[in-house]
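Reading through the structure tokens given below for one structure.
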Amino acid sequence: MQNQSPPARDAALGLSRAPPNQDEIRAQLEHILCSHEFPKVGRSAAFLTYVTEEALAGRANRIKGYSIAIEVFKRGEGFRQDDPVVRIEAGRLRRTLERYYLIAGQHDPIRIDIPKGGYAPSFVWNEEAPASSDDRLSILRRRFQKLTPFGLGAGIMLGVVMAAVAASAYLLPIGLGSTSHESIEEGPTLVVAPFANLGDGPQAALYTAGLTEELLTALPRFKEIRVFGRETSKSLPSGVEASQVRGELGARFLLAGGVRVSGDRIRVTARLLDTDNDEILWSQTYDDDIKSGDLFNIQSDVANKVASAVAQPYGIMAQADVSNPPPDDLGAYACTLSFYGYRAELSAKRHLDVRQCLESAVARYPSFATAWAMLSIIYLDEDRFRFNPNTNGSPPIDRSLQAARRAVQLDPDNTRAHQALMTALFFHQEVSEALHVGEQALATNPNDTELLGEFGTRVAMSGDWQRGAELLDRALALNPGGGGYYHGTRALAAYMLHDDETAVIEIKQANLQKFPLYHAVAAVIYANAGMMDDARREASSFNAMRPDFIPNVVAELKARNFRPADRARLIADIRKAGLAASDEVEASMLWRPQGSAVLVPR
């Protein structure tokens, strides 16, 4: 025991030791803050110093998010709890401390932590500090196994990571085994700077303030991002530098802009910046005539357009994160990016990968509503698309409904949760309730293009092809780069509305070669348009990918809630494309053994 630290020797001898005193704790605090492993930007140092001194002064029970916002972040007394600045910074500080003690501070005598569930610090002798790189590798192995319980592929990945760690003596900088909702990587963080008043007179000032408020209302509806609240925005100057936002708040994105009113004309400029490098990722100018509408409607319209462009599932922020993923790429947020990648491709391979990722995410973060919602849709796709059906548990539709209801219960304002519930109810044959949920979700967030596209699809398939087409057009107009799935549904709507030209254009834009039902829709569209070579090619591809579909075509179309007349038309064109599909009369005869009821496969 000669090489052990005094606390470790005491523990080995079975001796107790008094807790660290104030001087020892302050010395440890200073040692941490001076370390090259502790960030010199942001508010982490001020945060840690404040909570430590408050605890040493006997006021640990008074350390709350509100007091930290006032004392550390210098917010006004009107600070609201819907501003996540303290929660985000607390999560960052916890990860920083964990990294520090796993690397530079592993042999420090005292450990300072911010336990999850609050902001009061703990001070203990660092008796469990790993003494060697072998110990650090053991910790990584246990944590990685918790994160990726997926068999041989995970083992190979673990081997690669272990080799890298052995070479660098580094560990992952985040507690991967945590189940705290606060520690979830909930997606990119955004700060909205007050829009600058570039005009003259009270009207311009009123519009500028109103537009910033509208943006702070519209943006948080997108649950995949975190938006700093009104108090944070109000504390910033309109011309704040991106580097200042990164340094003081740690936010990844800054939305800024200006308003100019001249006579009857109003012009709004908006831009989104990456605070890492001050790069302008997106900018847009909006012009309007004040005489054509009141200022309230104009500012609301502009705010909704800006919010849709930057925050929607396939928008500017999501694209930036895909091309430059966050450091914790193994975290829960990476699963949400993978989910949207899957939705854009709709392949069985990506479905399996995303299901595994999301199941791991909700196991580690059971209160992550967005992950539950996405998992609901993934479970549903086991049934409707026959992607990787899991035969060991309950039916996919039951698991889908259960996951969707849990997501809504966890976060009643979560758009993705309501989208999942709507879709699960639709395939559970509860069409009226599904459309009711969709209407409510759309009223809450009319600019979420993923919701718009899915709701438009459900409306169309239930028989209202015209309204479904209009909703899909709106989704695709707001987000031209959105999922090909919605182009495919828009093509089907055009086919049902006898708009053959649009149907052919849209199905070519969909181009989902790995998605079996894409080929089925393409076959009927091309057959109806007289493009028989294309129709037969697509029909052959579909039958090769889903040989079970045509023998059960009536049941499959009923499961999707197509009306009888629509089913009859689809089956006729499937036949025209060269597939031996039975109509409903033939199907009923095929499935009715003598003296028994009709057997319709699900």
Just to be sure before I move on: is Gly229 farther than 25 Å from Ala369 by Cβ and of a type outside the set (D, E, K, R) in the structure I sent? no
Residues in segment 507-550 that are over 14 Å from Gly578 (Cα atoms) and assigned to a helix (DSSP H, G or I) total 8
Could you please find all residues in segment 342-400 being among the basic types (Lys, Arg) and not in a loop (DSSP other than H, G, I, E, B)? Arg343, Lys349, Arg350, Arg355, Arg364, Arg384, Arg399
In segment 339-372, which residues are under 12 Å from Ala403 (Cβ atoms) and hydroxyl-bearing (Ser, Thr, Tyr)? Thr370
Complete set of residues in segment 501-542 that are of a type outside the set (A, V, I, L, M, F, W, C), closer than 22 Å to Arg474 by Cβ and surrounded by fewer than 24 Cβ atoms within 10 Å (Cβ to Cβ): Glu501, Thr502, Lys508, Gln509, Asn511
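For every residue, the table says whether it meets (1) in contact with an Asp or Glu (Cβ under 7 Å, 6 or more places away or on another chain); (2) assigned to a loop (DSSP other than H, G, I, E, B); (3) at pLDDT 85 or above.
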residue: Gln2; (1), (2), (3): no, yes, no
residue: Glu24; (1), (2), (3): no, no, yes
residue: Ala27; (1), (2), (3): no, no, yes
residue: Pro39; (1), (2), (3): no, yes, no
residue: Glu53; (1), (2), (3): no, no, yes
residue: Asn61; (1), (2), (3): no, no, yes
residue: Ser67; (1), (2), (3): no, no, yes
residue: Arg80; (1), (2), (3): yes, yes, no
So in segment 473-495, with the set limited to residues that are among the small types (Gly, Ala, Ser) and at pLDDT below 90, which one is surrounded by the most Cβ atoms within 10 Å (Cβ to Cβ)? Ala475
Picking from Glu450, Glu454, Glu439, the residue that is surrounded by fewer than 16 Cβ atoms within 10 Å (Cβ to Cβ) and either over 21 Å from the mean Cα position of the chain (by Cα) or not in a loop (DSSP other than H, G, I, E, B) (or both) would be Glu439
Within segment 108-119, does at least one residue satisfy the condition of being at pLDDT below 85 and aliphatic (A, V, I, L, M)? no
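The values are calculated or read from the model by the stated rules, or taken from the named source; none is laboratory data. None of these values were measured; they are calculated from a predicted model. Reconstructed Cβ throughout: ideal geometry from the backbone, glycine too, with neighbour counts over all protein chains shown.
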